[in-house]
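Structure first, then comments.
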Amino acid sequence: MAKTGTILVVDDNKGILTAVRMLLEPRFEKVITLSNPNQIISTLRENSVDLVLLDMNFSAGINTGNEGLFWLSEIKKTDPAIQVILFTAYADINLAVRGMKEGAADFIVKPWDNIKLLETLEKAYQLRTASQKGGARSEAKKVISQESGMFWGESRAMQQLRSLIEKVAVTDANMLITGENGTGKEMLAREIHFLSNRKKQDLVTVDMGAITETLFESELFGHVKGAFTDARADRPGKFEAADNGTLFLDEIGNLPYHLQAKLLTVLQRRNIVRVGSNTPIPVNIRLICATNRDLQEMVTKEQFREDLLYRINTIHIEIPPLRERPEDIIPLTEIFLSKYGKLYGKPSLKLSKQAKEKLKAQSWYGNIRELQHTVEKAVIICDNSTLEETDFVLPRKKGSLQKEVTTLEEMEYNMIKSAMDKHNGNLSLVANQLGISRQTLYNKIKRYEL
């Protein structure tokens with residue numbers, strides 16, 4: 001294979017730099033190595049770099065990976081098209097997930113496998129060359145999943161989310177999906193299932209908010225004949241129905257505290273006991289949970305068990321609200337126009353320029369679900385093939401969604417978050433603004449999971 005491309009390798013361990021250079025020189029036209037991350041930006045300015053293999057921790061004695069995340073942000077600000085692969089000796093999947101959310105193409109865990117490392121770099125280089133040619137996409141990168149119907153859109157936030165999902169869906173790790181109402185949490189759960197190794201088995205969905213406390217155990221774990229009145233036959237529960245497949249527990253935050261221990265026990269033991277029986281039945285499931293509630297805050301208020309949160313939260317996925325990805329509003333609208341146009345016998349509908357502007361200016365606090373209902377109503381009432389702005393009946397814009405700050409911790413969280421947004425994640429500037437050291441800032445970022 002002909003040599004091509006330039007790669008920058010950044011690691012404070014010079015032995016690793018030597019080993020990686022020997023591995024990569026036969027593959028890349030130019031291999032640049034740095035042991036000091038402070039030289040990254042100047043190196044990028046002096047060289048046309050395609051890939052960066054970036055260590056997550058440097059000689060400052062900080063093992064949280066925040067230095068790597070900081071330099072990831074700096075690289076992306078210098079050139080968003082550069083593909084960054086994270087390099088870490090700490091096999092922390094949460095750190096890898098966070099890095100990919102913030103723009104990393106992939107991650108490699110030390111000690112590495114040479115073949116795996118080369119394959120990962122080759123894939124990242126292909127993404128780099130595709131972006132240089134105008135962002136050409138393969139058939140596999142269509143806006144809508146052909147299997148689940150999941151809408152990915154074109155926004156950077158959703159494309160980063162998609163890259164992350166494609167990475168972790170093939171594992172059996174438990175996943176927690178959070179996001180506001182109407183963002184598509186159940187749709188994402190279906191996409192994860194279809195991308196997993198369990199896709200040929202069932203995806204069983206349970207709305208935890210709709211199950212009464214008295215039927216909780218029977219619904220989830222099943223019952224045997226005679227276990228209670230009207231139990232006229234043995235009946236498997238949702239866990240058994242999802243055996244070898246995926247169990248999706250929607251609205252997990254609505255599960256009463258005293259029932260959470262029962263769910264935790266099953267997840268720990270990986271077997272269930274039907275109501276009225278003493279015989280354990282092993283179950284093999286992949287668990288996905290979803291909620292629009294802040295489970296960490298609920299833990300603080302003793303409304304949700306911390307040990308259960310750890311159990312279901314191996315990988316945390318946050319779906320951004322629609323108002324944070326306005327470039328997806330019109331493509332979504334056009335999808336719904338096509339759907340409801342066919343349903344109501346009004347094919348070939350299109351949007352006027354003024355209608356598009358009106359839709360893009362709306363905040364959509366009800367997210368995709370609100371947009372969908374709005375489009376359906378517009379299709380029903382419209383008289384022409386072109387929908388005008390007057391065809392869309394929109395609710396008044398809400399004020400700020402930010403809740404009233406009631407504790408010092410909430411105030412501190414908001415101040416740090418605001419400063420990070422203001423400085424685009426530049427931790428040095430954030431620390432200077434807040435008047436604290438970078439080490440203190442790192443600790444607080446980790447504490448508040450920012």
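Residue under question is Ala355, and the condition is that it be part of a helix (DSSP H, G or I) and small (Gly, Ala, Ser); does it hold?
It is true that Ala355 is part of a helix (DSSP H, G or I) and small (Gly, Ala, Ser).
What residue, of Gly245, Gly253, Gly209, is within 24 Å of Met175 (Cα to Cα), small (Gly, Ala, Ser) and touching a Phe, Trp or Tyr at 6+ places or on another chain (Cβ under 9 Å)? Give the steps one after another, and end with the answer.
Details: Gly245 fails: touching a Phe, Trp or Tyr at 6+ places or on another chain (Cβ under 9 Å); Gly209 fails: touching a Phe, Trp or Tyr at 6+ places or on another chain (Cβ under 9 Å).
Going through Gly245, Gly253, Gly209 in turn, the sole match is Gly253.
Here's the yes/no breakdown for (1) at pLDDT below 85; (2) touching a strand residue (DSSP E or B) at 6+ places or on another chain (Cβ under 8 Å); (3) more than 21 Å from Leu53 (Cα to Cα); (4) part of a helix (DSSP H, G or I):
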site: Ile115; (1), (2), (3), (4): no, no, no, yes
site: Glu119; (1), (2), (3), (4): no, no, no, yes
site: Arg128; (1), (2), (3), (4): yes, yes, no, yes
site: Gly135; (1), (2), (3), (4): yes, no, yes, no
site: Ala173; (1), (2), (3), (4): no, yes, yes, no
site: Glu180; (1), (2), (3), (4): no, no, yes, no
site: Thr183; (1), (2), (3), (4): no, no, yes, no
site: Lys199; (1), (2), (3), (4): no, no, yes, no
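Spot the failing condition for Asn384; the list is (1) open to solvent by less than 100 Å² (accessible area, probe 1.4 Å); (2) at pLDDT 90 or above; (3) more than 20 Å from Leu322 (Cβ to Cβ); (4) not hydroxyl-bearing (Ser, Thr, Tyr), and only one is missed.
All conditions are met except number (1).
Results for (1) closer than 20 Å to Leu249 by Cα; (2) under 23 Å from the mean Cα position of the chain (by Cα); (3) charged (D, E, K, R), shown as yes or no for each residue.
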position	(1), (2), (3)
Leu287	yes, yes, no
Ala290	yes, yes, no
Ile312	yes, yes, no
Ile330	no, yes, no
Tyr340	no, no, no
Tyr344	no, no, no
Tyr365	no, yes, no
Ala378	no, no, no
Ile381	no, no, no
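For the range 280-296, name all the residues that are open to solvent by less than 50 Å² (accessible area, probe 1.4 Å) and outside any strand (DSSP E or B).
Val283, Ile285, Leu295, listed by residue number.
Given (1) surrounded by 14 or more Cβ atoms within 10 Å (Cβ to Cβ); (2) not in a loop (DSSP other than H, G, I, E, B), identify the lone condition not met by Ala227.
(2)
Return the total of residues in the range 214-223 being in contact (Cβ under 8 Å) with a residue 24 or more places away in the chain and open to solvent by 30 Å² or more (accessible area, probe 1.4 Å).
Summing the residues that are in contact (Cβ under 8 Å) with a residue 24 or more places away in the chain and open to solvent by 30 Å² or more (accessible area, probe 1.4 Å) in the range 214-223 gives 1.
Going through Arg198, Arg162, Arg190 one at a time, which residue ends up being in contact (Cβ under 8 Å) with a residue 60 or more places away in the chain and open to solvent by 10 Å² or more (accessible area, probe 1.4 Å)? Working first, answer last.
Values: Arg162 fails: in contact (Cβ under 8 Å) with a residue 60 or more places away in the chain; Arg190 fails: in contact (Cβ under 8 Å) with a residue 60 or more places away in the chain.
Every option except Arg198 fails the conditions.
Could you tell me whether the range 269-278 includes any residue that is hydrophobic (A, V, I, L, M, F, W, C), under 27 Å from Glu213 (Cα atoms), touching a residue at least 40 places away in the same chain (Cβ under 8 Å) and open to solvent by 10 Å² or more (accessible area, probe 1.4 Å)?
yes
Scan Leu164, Leu215 and give me the residue that is of a type in the set (A, V, I, L, M, F, W, C), outside any loop (DSSP other than H, G, I, E, B) and under 26 Å from the mean Cα position of the chain (by Cα).
Every option except Leu164 fails the conditions.
Filter the range 297-320 for residues that are in a loop (DSSP other than H, G, I, E, B) and either in contact (Cβ under 8 Å) with a residue 24 or more places away in the chain or touching a Leu at 6+ places or on another chain (Cβ under 7 Å) (or both) and give the result. Let's see the steps before the verdict.
Of all residues in the range 297-320, those in a loop (DSSP other than H, G, I, E, B) come to 301-305, 313-314, 319-320.
Result: Glu302, Gln303, Phe304, Arg305, Asn313, Thr314, Ile319, Pro320.
Listed residues Arg323, Arg369; which is out of contact with any helix residue (DSSP H, G or I) (no Cβ under 9 Å at 6 or more places or on another chain), outside any strand (DSSP E or B) and closer than 21 Å to Ser155 by Cα?
Unique residue meeting the criteria: Arg369.
Restricting the search to the range 397-435, which residues are farther than 25 Å from Thr78 by Cα, at pLDDT 70 or above and open to solvent by 50 Å² or more (accessible area, probe 1.4 Å)?
Leu408, Met411, Glu412, Tyr413, Met415, Gly435
The values are calculated or read from the model by the stated rules, or taken from the named source; none is laboratory data. Here the structure is a predicted model, which is why all the values come from computation and not from measurement. Cβ atoms come from the backbone with ideal geometry, glycine included; neighbour counts cover every protein chain shown. Remember, those area values only see protein heavy atoms, side chains included, never the ligands or the DNA or RNA. Shrake-Rupley method; radii C 1.70, N 1.55, O 1.52, S 1.80 Å.
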